[in-house]
1. If R₀ is 30 angstrom, what is the calculated FRET efficiency for the pair B:Val4 and B:Ala62, using the beta carbon separation as r and rounding to 0.05?
2. Counting each pair of different Cα atoms once, what's the Kirkwood radius of region A:16-136 in Å, rounded to one decimal?
3. Expressed in nm to one decimal, what extension gain is obtained for the pair A:Glu127 and A:Ile142 from 0.36 nm per residue of sequence separation less their Cα-Cα distance?
4. So what is the 222 nm mean residue ellipticity for chain A from helices alone, if each DSSP H run of at least 4 adds -39500 (n - 2.57) and you divide by all residues, rounding to the nearest 500 deg cm²/dmol?
5. Please work out the FRET efficiency for the pair A:Glu70 and A:Ala157, using the Cβ-Cβ distance as r and a Förster radius of 45 Å; give the result to the nearest 0.05.
6. In terms of modelled amide H atoms, which long-range or inter-chain residues lie less than 5 Å from the amide H of B:Asp13?
7. Under the definition of partner shielding as Cβ atoms of other protein chains within 10 Å of a residue Cβ, what is the mean value for peptide A:99-109?
8. For the protein assembly as shown, what is the largest minus smallest coordinate of the Cα atoms on each principal axis, given in angstrom and ordered from greatest to least?
Amino acid sequence: MGPGTPVRVEHGPIDTDDVNPDLVEYVVVVTPDVASLATLVPALADLVADGQIRLLDVAVAVRGDDGAVEVHEVEAVEILTGLRDVEGEVGGLLSQEDVATAGHALRPGTAGLVVLVESRWAEPLSEAARGVGGHIVGGERIPPGWVADALVQRADADDQERS
Amino acid sequence: MRRVRRVRRTEVDLVPRPPLGALDAVSGEGHPGLAPADQLDELTDLWRRGLLTRALFERQRALVLQTWARRH
């Protein structure tokens, strides 16, 4: 599915009792500029259509060259009109301040989508945990540079063990 | 998408601190940059436990974020 491709249209409120609070997280997807955000829409639509995620809120954060973060609604960004046809909700959960805070992940001069999702793909794990009285307690996306460092360190350690 | 509110609320509710990778993304720094995130985690914990008023939480949080932004 390419940019601008029509996606499933299904409007209607999300049943709040149906949202598994253990699975709600936010994702910040950064692009070099606002115009590039449009390329994210088909992928987001596919994830929703496949039932991988449920969209609970979306907003746009733009970080100026001075470091200040501006928050925009998706309706105000013309190139994001494709999002209107994606099943989900907007505006109900993330506050202005929430989006601005998440926007601190952007480099100055870039733009990003701040997306609050219910990660439906993790439902089986959540159910399994609940079955024994547990639950998914949290998580955090690890900065890629740290992961790369850890992988190099592991490889170095493996080399040392072998030598 | 269905719009739930026409105007977003302004108070911090769900995202009390930037993502862990924020400093890494902005400055390329690694673990030493965790301190502000730790401060915000502590503030959030105090707020959630009812030991800080919302106003005080917001004020302290703004101070941490301003310091963070000034550095980067």
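1. Working: r = 26 Å, r/R0 = 0.88.
Working from the Cβ atoms, E equals 0.70.
2. On the way: mean 1/r = 0.0665 Å⁻¹.
It is 15.0 Å.
3. Details: separation 15, 0.36 × 15 = 5.40 nm, distance 2.48 nm.
2.9 nm is the gain from fully extending A:Glu127 to A:Ile142.
4. Numbers: 4 runs with 44 residues, N = 163.
One gets -8000 deg cm²/dmol as the mean residue ellipticity at 222 nm.
5. Once rounded, the FRET efficiency stands at 0.50.
6. A:Ser95, A:Asp98
7. On the way: counts 3, 5, 11, 6, 4, 14, 9, 4, 5, 2, 0.
Taking the mean over all residues of the peptide, I get 6.
8. 56, 47, 42
No value in this document is a laboratory result; all are computed from the given coordinates. Since this is a predicted model, take the numbers as computed values, not measurements. Positions of Cβ are generated from backbone atoms using ideal geometry, with glycine treated the same way; all protein chains shown enter the neighbour counts.
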